[in-house]
Amino acid sequence: MTHDESKLGKFRQRAAQKVLEVLSTGQDVMFLVEGDASTYSTFGHLARHVTAMDADIEIETIAGVSSFNAAAARLQFPLTEVDDKMAVIPANYGIETIDQLLNEFDTLVLMKVKPLLDEIIALLEKRGLVEHAAFIEKAGSLEERVVRNVCALKGQTVNYLSLMLVKNPHRERGEILRGCRKKSVSTSDKESVINA
């Protein structure tokens, strides 16, 4: 695993070349992914490199079940209802970003929580959201592990394929107007709109 784009580019180019070699023999190539090929998958990189090298190659993507959807189903955890807002991010965006997003979204899906697990738990404790969070490792697989008391994970090493679902029932939401949630408008703001 690396984030070095020059190294990644070389590996992706090499993989695309191997795929094209097989395709040139008249055979099809299948790329299997865990979850969904369009959600945090290496498939997109490979597909772009293959089509960049040969624009005539046809690629068909079959929808899968993303890990966070599998986790939500397993946990009976509704991701969104009515007009809820949801964000899906890799946890490595950092604690400050996670803290900010908890103010803006009703549901936060944190992917790849392993490196920041203890810090995430500390943030959830600070915000009173521990009971509104759930952890799942290797969602949908035979090795799946579910932990509803996320505080029990403090100090543990978890698998790379781990995520956390967090609801924020304390988020300020505003009133519903004509089927959409609008932020509350102060009396002076209403008067300025009417007078405009």
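Which value, in debye to the nearest 20, describes the size of the charge dipole of the stretch 1-57 about its Cα centre when Lys and Arg Cβ atoms bear +1, Asp and Glu Cβ atoms bear -1, and nothing else is charged?
Dipole size: approximately 240 debye.
Of the beta bridges DSSP finds with both residues in the chain, what % are antiparallel, to the nearest 5?
Around 75 percent of the beta bridges assigned by DSSP in the chain are antiparallel ones.
List, in the order given, every pair from Lys7/Lys154; Lys138/Lys167; Lys10/Lys114; Lys10/Lys138 whose Cα-Cα distance in the structure shown is over 25 Å.
Lys7/Lys154; Lys10/Lys114; Lys10/Lys138
Please arrange Ser41, Ser67, Ser141 by how many other C-beta atoms lie within 10 Å of their C-beta, fewest to most.
Lowest count first: Ser141, Ser41, Ser67.
Quick check on the chain: helices-only [θ] at 222 nm, where DSSP H runs of length 4 and up contribute -39,500 (n - 2.57) each and the sum goes over total residues. Nearest 500, please.
It comes out at -11000 deg cm²/dmol, rounded to the nearest 500.
For Cα extents along the principal axes in Å, one of (1) 56, 47, 35; (2) 50, 38, 32; (3) 70, 52, 32 was computed from the structure I shared and the rest are decoys. Which label?
Among (1) 56, 47, 35; (2) 50, 38, 32; (3) 70, 52, 32, the one derived from this structure is (3).
Over the stretch 67-167, what lengths in whole Å, largest first, do the semi-axes of the equivalent ellipsoid take, defined as the square roots of 5 times the eigenvalues of the alpha-carbon gyration tensor?
18, 17, 12
State to the nearest 20 debye the size of the charge dipole of the chain about its Cα centre, where the only charges are +1 on K and R beta carbons and -1 on D and E beta carbons.
Computed charge dipole of the chain: roughly 380 debye.
Pull out the extension gain between Gln100 and Met53, defined as 0.36 nm times the separation in residues minus the alpha carbon to alpha carbon distance; nm, one decimal.
12.8 nm
Through the Karplus equation 6.51 cos²θ - 1.76 cosθ + 1.60, θ set to phi - 60°, convert the phi angles of the stretch 30-37 into ³J(HN,Hα) values in whole Hz; use x for Gly and Pro.
Result, ordered by residue: 10, 10, 8, 10, 8, x, 10, 5 Hz.
Report the charge-dipole magnitude of the stretch 74-137 in Debye, nearest 20, computed about the Cα centre from +1 at each Lys and Arg Cβ and -1 at each Asp and Glu Cβ.
For this selection, approximately 220 debye.
Please report His3, His45 as a ranked list, fewest other C-beta atoms within 10 angstrom at the top and most at the bottom.
Ascending Cβ contact count within 10 Å gives the list His3, His45.
Val65 label point, 7 Å along Cα→Cβ, cut-off 18 Å on backbone N: hits in the stretch 72-91?
72-80
Quote the FRET efficiency, to the nearest 0.05, computed for Tyr93 versus Thr42 with a Förster distance R0 of 25 Å and r equal to the Cβ-Cβ distance.
In this case the efficiency is close to 0.80.
Mind ranking 126-139, 14-27 by how tightly packed they are, going by the mean number of other C-beta atoms within 10 angstrom, highest first?
Put in order of decreasing packing, that is 126-139, 14-27.
Given a Förster distance of 30 Å, report the FRET efficiency between Ala15 and Leu142 from their Cβ-Cβ distance, rounded to the nearest 0.05.
Rounded to the nearest 0.05, the efficiency is 0.65.
Can you work out the Karplus-derived ³J(HN,Hα) for every residue in the stretch 21-27? Use 6.51 cos²θ - 1.76 cosθ + 1.60 with θ = phi - 60°, whole Hz, and x for glycine or proline.
Working through the residues one at a time gives 4, 5, 4, 5, 8, x, 8 Hz.
Every number here is computed from the coordinates shown, using simple stated rules; none is lab data. Remember, it's a predicted structure, so these values are computed and weren't measured experimentally. Positions of Cβ are backbone-derived with ideal geometry, glycine not excepted, and every protein chain shown enters the neighbour counts.
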